Every structure is written in structure tokens, then in C-alpha cells.
1. Once the Cα atoms of helix 14-26 and of the chain are each reduced to a long axis, what angle between those two axes, in degrees from 0 to 90 to the nearest 10, is obtained?
2. Rounded to two decimals, what is the ratio between the C-alpha radius of gyration of segment 131-225 and 2.2 N^0.38 Å?
3. Rounded, prolate or oblate: pick one for segment 6-119, where a ≥ b ≥ c are the square roots of the eigenvalues of its C-alpha gyration tensor, a/c under 1.5 means rounded, and failing that, prolate if a/b is larger than b/c, else oblate.
4. So for each of 88-95, 202-209 I average, over its residues, the number of other beta carbons within 10 Å; can you give me the resulting order with the highest mean first?
5. So how far apart, in nm, are the two label points at R135 and N47 if each is 7 Å from Cα heading toward Cβ?
6. Only bridges whose two residues both fall in segment 10-155 count here: according to DSSP, what percent of them are antiparallel, nearest 5?
7. For K6, give me every one of the aspartates and glutamates with a C-alpha distance below 15 angstrom, ignoring sequence neighbours fewer than eight places off in its own chain.
8. Calculate how steeply helix 157-168 sits against the longest principal axis of the alpha-carbon atoms of the chain, using the helix alpha-carbon long axis, and give the answer as 0 to 90 degrees to the nearest 10.
Amino acid sequence: METGKKILIIEDDQEISMLLRVILRKANIETVQAYSGTEGLLQLQNNTFDLILLDLMLPGKSGEELIREVREKSSIPIIVISAKSDIENKVQVLKMGADDYITKPFHQEEVLARVEVQLRKASFLPTQQTELEWRGLKNNIEERLVTLNGHELQLTNAEFDMISFFMQNPERALSKKEIYESIWKGTYYGDDNTISVHVSNLRKKFSELTSEEYIKTIWGAGFMLV
């Protein structure tokens, strides 16, 4: 894994926090620990991080509150690690702007793999491409900046990677398997909730600026940029 990265662990259980620290240290990743939502927000205000590992049930500020506040100012990758395992909670935090969700108890290999995916920013994009454009959508890949009709879209890293993949393949039906494996670099096992939530988030953000349709559902196939 690429070294020189710094991750903020926001987890009130000291044993779990220390376990995450040990896991990441083995991969030569620097970590800072915070034990409440309030402390985590203070760390984010005073330091620069490449990724956040976030519990939801925290003293001070809850994980959900923290996601909302962070997303108002930053697109830093957020991986939620929570004992809440029901699909409603997962969908909720993904809609709020989290990039991934790991359920406790977790495997060390899974944590490392998901962290590596989020740190590997836009690695699927061809290096020679620096700008993409489609029907008023403009994507500056180097700056990770997407605008629609001149208005900047506030996107999470996952949303940016997804719209970039769509813009590289306009008017082509992309299966959920193809989208997942191209962006998350893992094997697709048929759980498409993450993809559907991110597509829903993108549609909502487009609808705030235009009534035109950009992402069309192709029943039985997947999604298409139109």
C-alpha cells in the first residue's frame, strides 16, 4: 500500500481504536485517534488527513452528525465502521456522504483492502485524460472538480469516481458488476445497494441544477449516461 498517508480514527472503544491503529501501522500508514465526535471534528479542523475511519455511536457528536458537517466542507473519504448491520443504516450513511461501510466485527484484511481502495484516488482513469465533458457536465480530473452548467457539484470521492467512469463511457449501458469492479477494485457479489445509493445521490445533485436526465436506469442491464 502507498505510504505517507495519514488516517483519522474516530472510535470511542479504545480496544477497537487500538486494533485499527495496529492494522494500519502494519501497512505503514500514520494514524491519529479521536474518541468522540467532538474530538474528531477538532482534529479535522486543525490537521490534514487522507481518510477517516468513523464509528457511528459516539459521545459528543454522533457519526451521522459528523458526516454531515464534514461533507459541507470536504470530500475526504469516509469509511464507516459500525456495529449497526441493518441495510437501512447503511443506506442512510451512504446517502449522507460516506464512501464505504464496514460492519463490526471486521477482518483485518477487509479493513486494509477497503482503505487501499479509497486511498487509490481515481487510479482507474487513463493518465492522458485530464478533462471530460458531456452535455454541460465538465470534469477536471486532476483537480477532481465536476461542474454542471457552470455550477460546481459537491461530490464525495465515490460519486466523483462514478461520474468519471460514466463520462468515460457515455451512452453505454454499464452493469452494476462493471461499475463496482471498476471503481472499488473488488469482486462483485451481487449486493448493488452501494451503487444504487450513489446513483441516487448523483441524480439528486443533478436535479438541484437541471430538470434534464443524465443517468438513466437500463432495466436488466444497469445504468447509462445519456
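1. 60
2. 1.02
3. Rounded.
4. By packing density, highest mean first, the sequence is 88-95, 202-209.
5. With each label placed 7 Å out from Cα toward Cβ, I get 4.4 nm.
6. If we restrict to bridges inside segment 10-155, about 55 percent are antiparallel.
7. Cα-Cα hits under 15 Å: E30, D50, E116.
8. 20
Computed from the coordinates by the stated procedures, all read-outs in this text should not be read as laboratory data. Everything numeric in this text was worked out from a predicted model, so none of it was measured. Positions of Cβ are backbone-derived with ideal geometry, glycine not excepted, and every protein chain shown enters the neighbour counts.
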